Amino acid sequence: QVQLVESGGGLVQAGGSLRLSCAASGRSFSSSYMGWFRQAPGKEREFVAAIDWRGGSTYYADSVKGRFTISRDNAKNTVYLQMNSLKPEDTAVYYCAADRLYGAPSSANYNYWGQGTQVTVSS
């Protein structure tokens, strides 16, 4: 059974940093795109970042570009999201996604999803 388990969320003050991790089990995703999405209360889920299978290409939403960095460790079957200079508007549940089915890496067409981890940024 495939599982994606996110960790690293929490409460942080504006300007602070957090590092999210997403550990996959049940199959290898070393040949798959992986991504991060987020959903704030009352809003639709939105794209945050994605990374290709080698880690050579990364994609970011304009709202996080220059502040967030996505990376992966295929040996550990894990993807990370380093979040710096956090803002209150970054507050959301962050979801890990794996195995892009079709379309752009920023589209939500991934086969597997985690349960999410809460990130709250206080002003």
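The values are calculated or read from the model by the stated rules, or taken from the named source; none is laboratory data. Since the structure is predicted, the reported quantities are computational estimates derived from the model, not experimental observations. Neighbour counts run over all protein chains shown; Cβ positions are idealised from the backbone, glycine included. Only protein heavy atoms, including side chains, enter the accessible area calculation; ligands, DNA and RNA are left aside. Shrake-Rupley method; radii C 1.70, N 1.55, O 1.52, S 1.80 Å.
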Just the Cα atoms of the stretch 9-123, one point each, no solvent: what log10 I(q)/I(0) does Debye give at q = 0.11, 0.19 Å⁻¹?
-> -0.31, -0.94
Peptides ranked, highest mean first, by Cβ atoms within 10 Å: ranges 61-67, 107-113, 46-52 = 46-52, 107-113, 61-67
Pick out which of 55, 26, 35 has the largest mean-square fluctuation in a Gaussian network model of the chain, springs linking Cα atoms closer than 10 Å.
-> 26
Out of 29, 93, 17, whose Cα points farthest toward the positive end of the dipole of the chain (charges: +1 Lys, Arg; -1 Asp, Glu; placed on Cβ)?
-> 29
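At a 1.4 Å probe, what is the % contribution of carbon and sulfur to the accessible area of the chain?
45 percent
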Residue-normalised accessible area of the stretch 8-112, given per residue in Å² at a 1.4 Å probe | 48 Å²
